[in-house]
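Note sheet for the following structure.
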Amino acid sequence: MSDLDATPSKSDLKVNKLNNTCATLGETEWTKNGRYTGRTDIALTAEGERQVEGTAKLLVGTGKLIHPDRIARVWVSPRMRAQQTFRLLFRNSGSEVSHDKVTLTEDIAEWDYGDYEGLVVDEIVRTRKAKGLDQDRKYNTWRDGCEGGESPQQVAERLDRLIAQIKEVQAPHMNGEKPVDVVLVGLHPNTANGYSAPTNLTFEQVAHGLILRCFVKRWLKYPHR
C-alpha cells in the first residue's frame with residue numbers, strides 16, 4: 001500500500017478527548033497514482049509541501065494542539081518525505097524543538113514493500129497470481145506481508161520496540177507532573193488495553209500511511225494481522 005491517502009485535509013485531522021492528533025504526510029509523485037512507497041526515498045511535491053504547511057498552521061504553535069514547548073521527544077523516520085514534513089511543521093511555529101529531543105529511527109519508517117515497491121495494487125495482484133499465490137483468497141498485506149520485504153511480524157516487532165520507548169518517557173509523569181508530549185514523524189490515539197494516558201500525556205504523529213495503521217493496532221494491543 002502506498003502513502004495513497006497522504007493528502008491532509010480537515011477530515012484527515014482526527015482529534016479525541018485526550019487531544020491526540022493524527023495527520024498524514026503530504027503528497028509525493030508516487031502517492032498521486034497509488035504506487036506502493038516504502039523504502040524509496042522520495043521527496044514531497046510542491047503541493048505536498050503546501051499541504052504540510054496548511055496542517056502546521058492549524059495544529060502547531062503556542063496555544064495550539066502541538067505546542068513545541070510541551071514536547072518531550074520526537075521520533076522521525078529517516079525517509080526524506082518524513083524529514084521534510086518535520087521541518088515544515090515546526091518552521092514557522094515560533095519555537096524550535098531542540099536537537100537532543102529528536103531521534104531518527106527506522107522503527108517508524110513505512111513498511112518495506114520489497115518486490116512490490118513502486119507497483120500499484122493491480123500489478124501486485126497480477127504478479128502474485130502468476131506465481132500461483134492467492135488462488136483462493138485476495139492478497140492482504142497485513143496477513144501475507146511483502147515478498148522480498150517485511151513480514152507483518154517484523155513490522156509488529158519494531159513498532160512494539162517504539163511503543164516501549166514512548167511509555168518509558170511518559171511513565172514518570174502519569175500523575176500530571178509535567179507535559180510530556182511526543183511527536184512521531186513518519187508514523188495515533190493514546191489509549192490502550194490496560195493503559196490510558198492522562199490528558200497532559202499527549203502524543204502527535206505525522207505518518208506514512210500503512211505504518212500509522214499498524215502503530216494504532218500495536219498500541220491498542222491488537223494482533224498485527
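The values are calculated or read from the model by the stated rules, or taken from the named source; none is laboratory data. Because the structure is a prediction, the values reported are computed rather than measured. As a convention, Cβ positions derive from the backbone with ideal geometry for all residues, glycine included, and neighbour counts pool all protein chains shown.
Of everything listed in (1) within 30 Å of GLY61 (Cβ to Cβ); (2) modelled with pLDDT under 85, the single unmet condition for LYS217 is (1). Mind checking whether some residue in the stretch 6-17 is assigned to a helix (DSSP H, G or I), under 23 Å from VAL155 (Cα atoms) and either at pLDDT below 90 or touching a strand residue (DSSP E or B) at 6+ places or on another chain (Cβ under 9 Å) (or both)? No, every residue in the stretch 6-17 fails to be assigned to a helix (DSSP H, G or I), under 23 Å from VAL155 (Cα atoms) and either at pLDDT below 90 or touching a strand residue (DSSP E or B) at 6+ places or on another chain (Cβ under 9 Å) (or both).
When you scan the stretch 168-183, do you find a residue that is among the β-branched types (Val, Ile, Thr), part of a loop (DSSP other than H, G, I, E, B) and surrounded by 13 or more Cβ atoms within 10 Å (Cβ to Cβ), even just one? Even if it seems obvious, please write down each step before you answer.
Within the stretch 168-183, the first condition is being among the β-branched types (Val, Ile, Thr), and the residues that meet it are 169, 180, 182-183.
Filter again for part of a loop (DSSP other than H, G, I, E, B), leaving 180.
Next cut, surrounded by 13 or more Cβ atoms within 10 Å (Cβ to Cβ) only: 180.
Within the stretch 168-183 (the criterion being among the β-branched types (Val, Ile, Thr), part of a loop (DSSP other than H, G, I, E, B) and surrounded by 13 or more Cβ atoms within 10 Å (Cβ to Cβ)), the answer is yes, since at least one residue qualifies.
All of (1) in contact with a Phe, Trp or Tyr (Cβ under 6 Å, 6 or more places away or on another chain); (2) under 30 Å from VAL60 (Cβ atoms); (3) not acidic (Asp, Glu) hold for SER95 with one exception: (1).
Filter the stretch 137-167 for residues that are of a type in the set (Gly, Ala, Ser), exposed (fewer than 14 other Cβ atoms within 10 Å of the Cβ) and in a helix (DSSP H, G or I) and give the result.
Looking only at the stretch 137-167, we keep the residues that are of a type in the set (Gly, Ala, Ser), and these are 145, 148-149, 151, 156, 164.
Now narrow it down to the ones that are exposed (fewer than 14 other Cβ atoms within 10 Å of the Cβ): 148, 164.
ALA164 - this is the single residue of the stretch 137-167 that is of a type in the set (Gly, Ala, Ser), exposed (fewer than 14 other Cβ atoms within 10 Å of the Cβ) and in a helix (DSSP H, G or I).
Looking at ASP134, ASP112, which one is in a loop (DSSP other than H, G, I, E, B) and at positive phi? Don't jump to the end; show me each part of the working.
Numbers: ASP112 fails: at positive phi.
Answer to the selection: ASP134.
Which of (1) part of a loop (DSSP other than H, G, I, E, B); (2) farther than 27 Å from GLY63 by Cβ; (3) modelled with pLDDT of 70 or more is the odd one out, the single condition HIS224 does not satisfy? Failed condition: (3).
Looking at ARG50, ARG73, ARG81, ARG39, which is the one that is assigned to a strand (DSSP E or B) and at pLDDT 85 or above? Give the steps one after another, and end with the answer.
Details: ARG50 fails: assigned to a strand (DSSP E or B); ARG81 fails: assigned to a strand (DSSP E or B); ARG39 fails: assigned to a strand (DSSP E or B).
Of the residues listed, the single one that is assigned to a strand (DSSP E or B) and at pLDDT 85 or above is ARG73.
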